[in-house]
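All remarks here apply to the structure that follows.
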Amino acid sequence: MSRILVVSQHYWPENFRVTDLCEGLVAQGIQVDVLCGLPNYPLGKWYEGYRYTGPRRQEHNGVNIIRAGEIPRRGNTGPMIFLNYVSWPLFALFSLPRLRGKYDAVLCYNTSPVLMSFPAILYAKLHRVPLTNYVLDIWPENLYSVLPVKNKVLRSIAQAVSNWHYRRADRLIAMSDSLRRRLAQVSRKPEESIAVIPQYCEDFYAAPADPGELAEKFAGRFNLVFTGNFSPAQSLDTVIEAACIARDKGVDDLHLLLVGDGMSRPALEELVHRRGAEDLVTFWGSVAPTEIPAFCAVADGLVCPLADSPDLGMTVPAKLASYMASGKPVLASITGEGARAVEQADCGFASSASDAQALAENILALRALPAEDRQRLGRNAFAWYQSHYQRSQLLDKLRDFVLEGRQ
């Protein structure tokens, strides 16, 4: 029986897809240990039942969990986010002796920060185990969307540190062809040695959902829905501005439903107040992932934004797969790979990242479509999900590459 060590600062009960990935590997008969942190994302508060002292060992759905300490990102200020970024990799080093050992492979599920791959690098080198780095957020570019570092010296250091981490992996996984080219450049690895595996979405996103009371609550309105983390990288201020522009052009039944939470929420609420858009925008708060399909079910369109950055444009937001699985039209405010996927799938409208005016025009265009045309876009979205983002296909591909290097 194969054994894999997965290294990821974030894991259950935090809402990251790595949890489903690990449980999927277990269902395939693979033993999985996870080295992770203590749950406090995205608000920087310990989840109920957790504190700095633990619990440090858990078992959940067949996955053995080893937790290392970290400084929580309390308040989501720049200094606290920085301390959170650097503390977990350091504390995780002291947890390496607690691992059970004799792994066939190490997988780093590398969201931000890139520093979380350091304990994976050290363990893999010490034990001569192949290390695969699954790059979900390209650094240091993603860092700048959260912490606006302007100093050239600091930026050069961040670039050098990021490159060092990518070069130490034996194998790399990118979400897109453009990200693969970028990783080949910074890691000095041939492109053919870097696998392209998009993020899949869990099967429950594709199951028919009953919106229940949501349908009655938001009946009679043209509902645009966003689900996920409220962070600067999501550029939700662009979405709010676009909704206000569309409303001011006569779409008086427009409603923007924001489902989630995160560090940008106070600023977004202030923007809504400043624009007099309290009746236009609803902040729903965080919900369990399994509840998301009900919110998608009431949507006339699903909004998928990213901040304006060529490097962020190399990534495909994970929510795009789940949006397509819901079978609803997509409004993408993205530059790069995500926009290309929406256009190729013919499942909605795409505009440049952070362009509120262009997004507003697409909102108006979607609103003007007959219902049958919006349904056609939704069917196209689901068809693209089936051919590109299905869980079983991508999970098999990832397993084979991590364990055997086969693409």
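The values are calculated or read from the model by the stated rules, or taken from the named source; none is laboratory data. Predicted, not measured: the structure shown is a model, and the values here were computed from it. Ideal geometry is used to build each Cβ from the backbone, glycine not excepted, and the neighbour counts take in all protein chains shown. Just so you know, the surface numbers come from the protein's heavy atoms only, side chains and all, with ligands and any DNA or RNA stripped out. Shrake-Rupley method; radii C 1.70, N 1.55, O 1.52, S 1.80 Å.
Data overview
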{"quantity": "Which listed pairs, of Lys189/Lys397; Lys125/Lys189; Lys319/Lys397; Lys152/Lys319; Lys217/Lys319; Lys45/Lys328, have C-alpha distances above 26 Å, in listed order", "calculated": "Lys152/Lys319; Lys45/Lys328"}
{"quantity": "Spacing of the two label points (7 Å from each Cα toward its C-beta) at Arg51 and Thr290, in nm", "calculated": "3.0"}
{"quantity": "Nonlocal amide H pairs with Trp46, under 5 Å, H built at 1.01 Å", "calculated": "none"}
{"quantity": "Expected 222 nm ellipticity per residue - DSSP helices of 4 or more, -39500 (n - 2.57), all of the chain, to 500", "calculated": "-12500 deg cm²/dmol"}
{"quantity": "HN-Hα J in Hz across the range 346-357 - Karplus 6.51, -1.76, 1.60, θ = phi - 60°, x for Gly and Pro", "calculated": "6, 10, x, 10, 10, 9, 5, 4, 6, 9, 5, 5"}
{"quantity": "Within-13-Å neighbourhood charge of Ser264 [Cβ basis; K, R +1; D, E -1]", "calculated": "-3"}
{"quantity": "Förster radius 25 Å - calculated FRET efficiency between His273 and Met80 (Cβ-Cβ, nearest 0.05)", "calculated": "0.50"}
{"quantity": "Euclidean distance of C-alpha centroids, the range 332-372 and the range 148-222, integer Å", "calculated": "20"}
{"quantity": "Rh (Kirkwood; distinct C-alpha pairs) - the range 314-354, Å", "calculated": "9.9"}
{"quantity": "C-alpha center-to-center spacing [the range 230-301, the range 93-126] in angstrom", "calculated": "38"}
{"quantity": "Per-residue HN-Hα couplings for the range 176-187 [Karplus 6.51, -1.76, 1.60; θ = phi - 60°; Hz; x = Gly/Pro]", "calculated": "8, 5, 5, 5, 4, 4, 5, 5, 4, 5, 7, 8"}
{"quantity": "DSSP-defined antiparallel bridges as percent of all bridges, the chain, nearest 5", "calculated": "10"}
{"quantity": "Global geometry of the range 221-340, whether rounded, prolate or oblate, following the gyration tensor of its Cα atoms and the 1.5 cut on a/c", "calculated": "rounded"}
{"quantity": "Length released on extending from Leu122 to Val149, taking residue separation times 0.36 nm less the Cα-Cα span", "calculated": "6.9 nm"}
{"quantity": "Among beta bridges that DSSP assigns inside the range 270-359, antiparallel share in %, nearest 5", "calculated": "0"}
{"quantity": "Positive minus negative residues near Thr238 (Lys, Arg vs Asp, Glu; Cβ under 10 Å)", "calculated": "-4"}
{"quantity": "Loop-resident sites, the range 13-87, for GluC sites (Glu not before Pro), counting at most 14 other Cβ within 10 Å (DSSP)", "calculated": "Glu48"}
{"quantity": "Cα-based shape type of the chain, given that a ≥ b ≥ c are square roots of the gyration tensor eigenvalues and the cut on a/c is 1.5", "calculated": "prolate"}
{"quantity": "Isotropic mean projected area of the C-alpha convex hull, the range 17-141 (nm²)", "calculated": "7.8"}
{"quantity": "Formal net charge of residues neighbouring Ser352 (Cβ-Cβ distance under 12 Å; K, R +1; D, E -1)", "calculated": "-3"}
{"quantity": "Largest to smallest principal axis extent of the C-alpha atoms in the range 312-407, angstrom", "calculated": "50, 29, 16"}
{"quantity": "Using θ = phi - 60° and Karplus 6.51 cos²θ - 1.76 cosθ + 1.60, couplings along the range 87-98 (whole Hz; Gly, Pro as x)", "calculated": "6, 5, x, 5, 5, 5, 4, 6, 8, 4, x, 7"}
{"quantity": "Amide H contacts under 5 Å for Val298, placed H, 5+ residues apart", "calculated": "none"}
{"quantity": "Rounded FRET efficiency, nearest 0.05, which uses the C-beta distance separating Leu369 from Met1 and R0 of 60 Å", "calculated": "0.70"}
{"quantity": "Residues whose placed amide H lies under 5 Å from that of Ala332, excluding near-sequence neighbours", "calculated": "Cys304, Phe349, Ala350, Ser351"}
{"quantity": "Potential extension, Val196-Arg100 segment - 0.36 nm per residue separation minus Cα distance", "calculated": "31.5 nm"}
{"quantity": "Taking the convex hull of Cα positions in the range 62-131, its mean projected area over all directions (nm²)", "calculated": "5.2"}
{"quantity": "Loop GluC sites (Glu not before Pro), the range 325-407 (other Cβ atoms within 10 Å of the site Cβ: 11 or fewer; DSSP)", "calculated": "none"}
{"quantity": "Accessible area of Cys304 in the full protein assembly, 1.4 Å probe (Å², nearest 10)", "calculated": "0"}
